[in-house]
Structure formats: structure tokens, C-alpha cells
Amino acid sequence: MKIHRSPLPANSLLARYPAMDYSDCFRGRLPGTQPVSPNELMAAFWTTMPAWLNVLFKIRDLLVRPFGLKTGTADNREELQEALLKGKDYGLMSAVAHSADESVISLDDKHLKAYFSIYIEERDVYISTLVQFHNKLGVAYFNLIRPFHKIVVKNIFRQVMREHGI
């Protein structure tokens, strides 16, 4: 599956959010004809983690703990999946907006706030991220993880489509 950089769709709920310090959007095409909800894709996205990514998150948690940042986004994958399928909050994640075509969560900490959206338009899926820095720690943190962010989002997007037959 090819993943392309894309502008944020005009009908996305995120298009109504104020200007942010960082934004990106990636688009892929759903194979087949099976209907899929944005909550299903959101749940699959956050619970489909390759082993190498789990290692990166553990390293991240060790490195940010001394700065007082929140750690551990998915202590229980089944509970996380159930919450995301129902559009509910879980751990660091807050369900902030939902429509028939889109699911938006936010992750808020003292250094930054990030919004993550999955928007479906016909068979096209858009995965978007908006980030607002709260302080210099947020700027420094995000500049360190930015190259990983793009790789991770694209990799998980492909893996979700492949593993879940979505």
C-alpha cells in the first residue's frame, strides 16, 4: 500500500482547529469494499505495534521520565482497543471529536498537545497530526522525535491495512 503526503481534507474536523506549530497528513487507499469506521482504524492503529516500536516507546519513557512527562500510553491493549472503538478516553488519550467519517484523539502533557485524526472519505484514509507546543521543552522534544514520527505513522498505517485486511 502506498502512503502519500497529503493536505488536510477540507471536511476534516481538524480543519476547524486553530493554527498549530506542526501538522502533517498522510493518505492511503482502503483495499476491498468492506466498510470500516474511523474508530475501528483508530483502535487498530494504536494497538498494532511492531516489536521495534515497543522498544522505541520504552526507551522514550525512560528518557522523558526525569522531565516529568507522562509515560505508558497502552498498559492494557484490550482496554485501549475497547475505549477507542467506543470513542472513549483511555490513559493519555482523550477522545475529543467524532463523526461518521472521522475520529480525533488528543494527547496532552505539560510540554505539548497533539491531536491525531483518522478521516475516511470514500475509500481514502487520511491520518493527520497537529501539534501545539506548550513551552521550549515541547519544541526540543518534538524536534527530536519528528523524524521518527513520520516513519512510525507510515509504517503502522501500512501494517494496519496488511494485518487487519482493512
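The values are calculated or read from the model by the stated rules, or taken from the named source; none is laboratory data. Keep in mind the model is a prediction, meaning the values are calculated, not measured. We place every Cβ from the backbone using ideal geometry, glycine too, and count neighbours over all the protein chains shown. Calculation scope for accessible area: heavy atoms of the full protein, side chains included, ligands and nucleic acids excluded. Shrake-Rupley method; radii C 1.70, N 1.55, O 1.52, S 1.80 Å.
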Sort out for me the Cα centre separation of segment 126-165 from segment 1-40, rounded to whole Å.
13
Points 7 angstrom from Cα along the Cβ direction at Asp61 and Asn76: gap in nanometres?
1.5
Label-reachable residues, segment 4-40, where backbone N falls under 19 Å from a point 7 Å from Lys150's Cα toward its Cβ
4-9, 20-28
Quick one: dipole size for the chain, taken about the Cα centre, charges +1 on Lys/Arg Cβ and -1 on Asp/Glu Cβ, in debye to the nearest 20.
640
Counting only protein heavy atoms and using a 1.4 Å probe, what share of the accessible area of segment 1-155 belongs to carbon plus sulfur, as a whole percent?
55
Highest GNM mean-square fluctuation, the chain, Cα pairs closer than 10 Å: which of Leu53, Leu107, Leu41?
Leu53
Can you list, largest first and rounded to whole Å, the semi-axes you get for the chain by taking the square root of 5 times each eigenvalue of its Cα gyration tensor?
24, 18, 15
Given a 10 angstrom Cα cut-off, can you work out which residue in Tyr119, Tyr90, Tyr17 is the most mobile in a GNM of the chain?
Tyr17
State in Å² the accessible area per residue of the chain; use a 1.4 Å probe, count heavy atoms of protein chains only, and round to the nearest integer.
54
Taking springs between alpha-carbon atoms closer than 10 angstrom, which of Leu30, Leu69, Leu85 fluctuates most in the Gaussian network model of the chain?
Leu69
Figure the gain on full extension for Gln34 and Arg16 (residue separation times 0.36 nm, minus the Cα-Cα span) and round it to one decimal in nm.
3.6 nm
Expected field for Thr71, accessible surface area in Å² at 1.4 Å probe radius, rounded to 10, holds 50
For the chain, which span is the longest to avoid every loop-located (per DSSP) member of trypsin sites (Lys or Arg not before Pro) having at most 15 other Cβ atoms inside 10 Å?
3-69
